[in-house]
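Every number here is computed from the coordinates shown, using simple stated rules; none is lab data. Please read these numbers as outputs of a predicted model, since none were measured by experiment. We place every Cβ from the backbone using ideal geometry, glycine too, and count neighbours over all the protein chains shown.
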Amino acid sequence: MFLIPLGLQSRIVKWPIATLLLIVVTCAVSVFYFSENALYIRHVRQAMIDSKILDARKNLIIASCSSKFETETCDYLKAHLTPEDLFDLQSFGKAYRKEFPKASFMENRTLFGWLNDDRIDKKLKSTDAANLPEYGAYLVARETYLQKSLQKSKEEHIFIRGNGKLVAALKAMVTHEGWVHLIGNMLIFALFSVFVEQRIGFFGLMLLYVLGGLGSNFLQLPFLPMGVRLFGASGAVSAVIGAFAVYFWREKMRCLLTAVVYNRMIYMPAWMYIGLFMVFSDVVGAVGAGSGVAHLAHLTGFAIGFIFAFMQMDVFPLKKSFLFAQEQDLYYQAKSADVIEEKLEIFKRIYALNHESFYAFRGLFIYFHKQGFLLSTFNKEDLAFVKQIMVSCFHYVDRKNEKYVLSREILGMVPVTWNMAELELKVTPDEIIERAEEFYEVGDLVQTLRYYDLFFASFAAHPMAQDINSKVMRIFDDIEKFDTETKAHLLDTLMVYSDHHPDNHFQTQIRQLIHQIHREEKNAAS
């Protein structure tokens, strides 16, 4: 089963020029140097053969065998393993699976690590093998091999221990081992970079990519085994993922959950997907050995992107619910628009960028409230959009933003002329009752009655209906005890609601309240 990321719900509204440019340059340079990679590998192999380093390694390990498993392995090495076999350890292990005491030792390339210079050095420190005559032959062969390979690395600007020049580090960023390595890196890069570029722009992404690539390469360099080269854009790509994790950590990512006979689109928070991705691809891999992947470069690249994003946000801040600078610009543009049609068109562009642009949508609904717009005044298309962004506001506040209380900020700013049932909000009876009681506690009786009315419209047969009806009666009893001016003010608001919702569930109580106010005014006049 695989979990394939498909990006955010936000729409890309500008061409990702930096992303496309980096992909084109990386692909062009990588393809150009594919043939050089093969030549370099042949050169390294020839250096190994000329220096007899593989024979020297094998003989030293055989002479210093200590455990039972090492002894069995060494006996087999004496009989079968030649320097040429070391170039294709996986095939060698598979060919002798039935005979070799632990063929998977070969297949997963552990033997390659076992015969690596750095591993041998560590082994020699814990044994008396340094006193063996094979050790002197090994040192001579090793020095010859390193000099030959290092000279070639400097000529070809290969990024390797002993050649940590800037030119070599830059070349390592844009060269890859083969098509699988190149395509995999570029697909992952494109998936995340289009959103990061929309957030920080062309030059921001270019700077992030270069800093992440160079920084991760140089931090990985001291930990490279002698004679092993580093190449690939993975460090730069990880930096982009790290920045993405900061900018969009609360947003939902679309992911395709796929198996042989099962496919399903799911949505998960970006922080969760990236966390799983980093743990299984790099944290677990870094603990293991012999994978041939520069996991430390990936992790340091991610950390560089993480730090870069926080610094960028400090220099170029956005309001909390904005994802992109264009979104904030559009919001201020919408504020200056006088015509409602123009304002709605701008907000549709905001919605395309961010389905949950709470700060912007909140401003729009406050504008509706001040202007007294009714749902019935919108055409079918605009009405559908208004409902859409209202639901987005509910979801945003409910899930993310503790600063705003759902009942006070969202429910309270919906004009009383609007029918909440028409908004088709996915709420339970208990949630409606809870919100109504919150309004009651702060003394907002109009909103309390409004949400009780929503309860009756949606859940008239609910077991709590009778209790809610009793609460409505008590609220009107309380209103009757208010002074005439307060009652008149409440009545004006209730009448606005009642005029637009003639099927509300407290018409009788409103009429009684009207009669009572008329009597009190008549008595006051006499």
Residue-span extension gain [residue 24 to residue 279] - 0.36 nm each, minus C-alpha spacing: 88.9 nm
Full-stretch length increase - residue 9, residue 147 - with 0.36 nm per residue and alpha-carbon distance subtracted: 44.3 nm
Quick check on the exposure proxy: order 254, 199, 142 from fewest to most C-beta atoms within 10 angstrom. 254, 142, 199
The range 454-495 versus the range 204-233: alpha-carbon centroid distance in Å: 67
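Give me 474, 435 sorted ascending by neighbouring Cβ count inside 10 Å, so fewest comes first.
Neighbour counts put them in this order, fewest first: 474, 435.
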7 Å from Cα along Cα→Cβ at both residue 379 and residue 349: what's the point-to-point distance in nm? 1.9
For residue 183 and residue 516 in one chain, what is 0.36 nm times their gap in residues minus the Cα-Cα distance, to one decimal in nm? 112.1 nm
Report the calculated FRET efficiency for residue 265 and residue 470 (r = Cβ-Cβ distance, R0 = 51 Å), to the nearest 0.05. 0.65
From the mean inverse distance of alpha carbon pairs (Kirkwood) and the Cα radius of gyration, derive Rg over Rh for the range 137-238. 1.08
Between residue 316 and residue 139, what is the label-to-label distance in nm when each label sits 7 Å out along the Cα-to-Cβ direction? 5.6
Neighbouring Cβ atoms within 10 Å as the yardstick, rank 473, 206 fewest first. 473, 206
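Taking a ≥ b ≥ c as the square roots of the Cα gyration tensor eigenvalues, with a/c under 1.5 meaning rounded and otherwise prolate when a/b beats b/c, else oblate, which class fits the range 427-526?
It is prolate, given that a/c is not under 1.5 and a/b is the larger ratio.
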